[in-house]
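Please read the structure below before turning to the comments.
The values are calculated or read from the model by the stated rules, or taken from the named source; none is laboratory data. The structure presented is a predicted model; accordingly, all values stated were derived computationally and were not measured. Note: ideal-geometry Cβ built from the backbone for every residue, glycine included; neighbour counts use all protein chains shown.
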Amino acid sequence: MRTHLRTSVCVAALIASVAAVNAQENDRFAPVALKLQIVISRWQGEKKISNMPYAVSVNAPPPSQAADPRIQGHANLRMASKIPVMMISAAPPAAGADGKPIPQVGPIQYQDVGTNIDCSAKAYEGGRFGVDVTIEDSSMAPEPEKKTDRPAFRSFKATDSMMLRDGQSAQFIAATDKVSGETVKVDVTLTVVK
């Protein structure tokens with residue numbers, strides 16, 4: 001009876017240790033869930049004039065697979081509106097009753113205005129994460145920037161790579177618009193989802 005009990009205890013301990021080893025082995029190959037907080041802000045000198053936050057979830061392959069360039073967690077965000085833009089015809093303008101030219105109005109085309117974010121991440125040893133981010137942002141220019149009665153659009157595109165740890169923030173980019181003098185800043189914060 002004692003031998004049977006000892007055997008059962010040994011078998012149970014062996015099963016528990018094999019399960020623990022398997023769990024550790026599976027953790028080596030399990031992706032790490034991340035949340036990226038991306039904030040696009042516009043500044044006029046020291047005054048913040050807009051702040052647009054975006055949150056993107058991405059799964060980062062573990063350190064055991066980080067060296068393989070084919071394995072990366074990806075996330076994409078597309079957020080846009082279509083703005084109607086009246087086109088002006090290249091034909092010579094017709095004359096109105098008062099003799100002034102009337103421009104020939106052409107078809108309406110639609111301009112995409114919004115934000116596109118593409119990101120990917122990989123986990124590295126020591127709790128570091130390699131994050132690649134590409135941002136494209138376009139918007140209608142405010143009234144003071146417009147030189148004509150036609151709509152004006154502004155846009156920027158930036159791509160960068162950074163190394164971040166859980167809870168760390170970094171400034172992705174800061175650039176000044178030549179026309180408006182506004183500075184666009186993009187900040188990225190990484191959080192490991194528990």
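Looking at segment 148-194 only, could you name the residues that are touching a residue at least 40 places away in the same chain (Cβ under 8 Å), β-branched (V, I, T) and exposed (fewer than 12 other Cβ atoms within 10 Å of the Cβ)? Selection gives V193 alone. Out of the residues in segment 22-62 that are among the basic types (K, R) and at pLDDT 90 or above, state the one that is surrounded by the fewest Cβ atoms within 10 Å (Cβ to Cβ). Filtering segment 22-62 for residues that are among the basic types (K, R) and at pLDDT 90 or above, the one surrounded by the fewest Cβ atoms within 10 Å (Cβ to Cβ) comes out as K47. Only one entry in E125, E136, E145 is modelled with pLDDT under 80 and of a type in the set (D, E), namely E145. Here segment 103-118 is the region considered, the condition is being at pLDDT 85 or above and among the β-branched types (V, I, T), and the residue that is farthest from L36 (Cα to Cα) is V113.
Determine, yes or no, whether K100 is at pLDDT 65 or above and within 22 Å of M162 (Cα to Cα). No; evaluated as a whole, the condition is false for this residue. Taking the condition of being touching a strand residue (DSSP E or B) at 6+ places or on another chain (Cβ under 7 Å) and within 15 Å of E182 (Cβ to Cβ), how many residues in segment 31-61 meet it? So the answer is 9.
Which residues, taken from segment 147-194, are under 25 Å from G73 (Cα atoms), small (G, A, S) and not in a strand (DSSP E or B)? Answer for segment 147-194, where residues must be under 25 Å from G73 (Cα atoms), small (G, A, S) and not in a strand (DSSP E or B): just G167.
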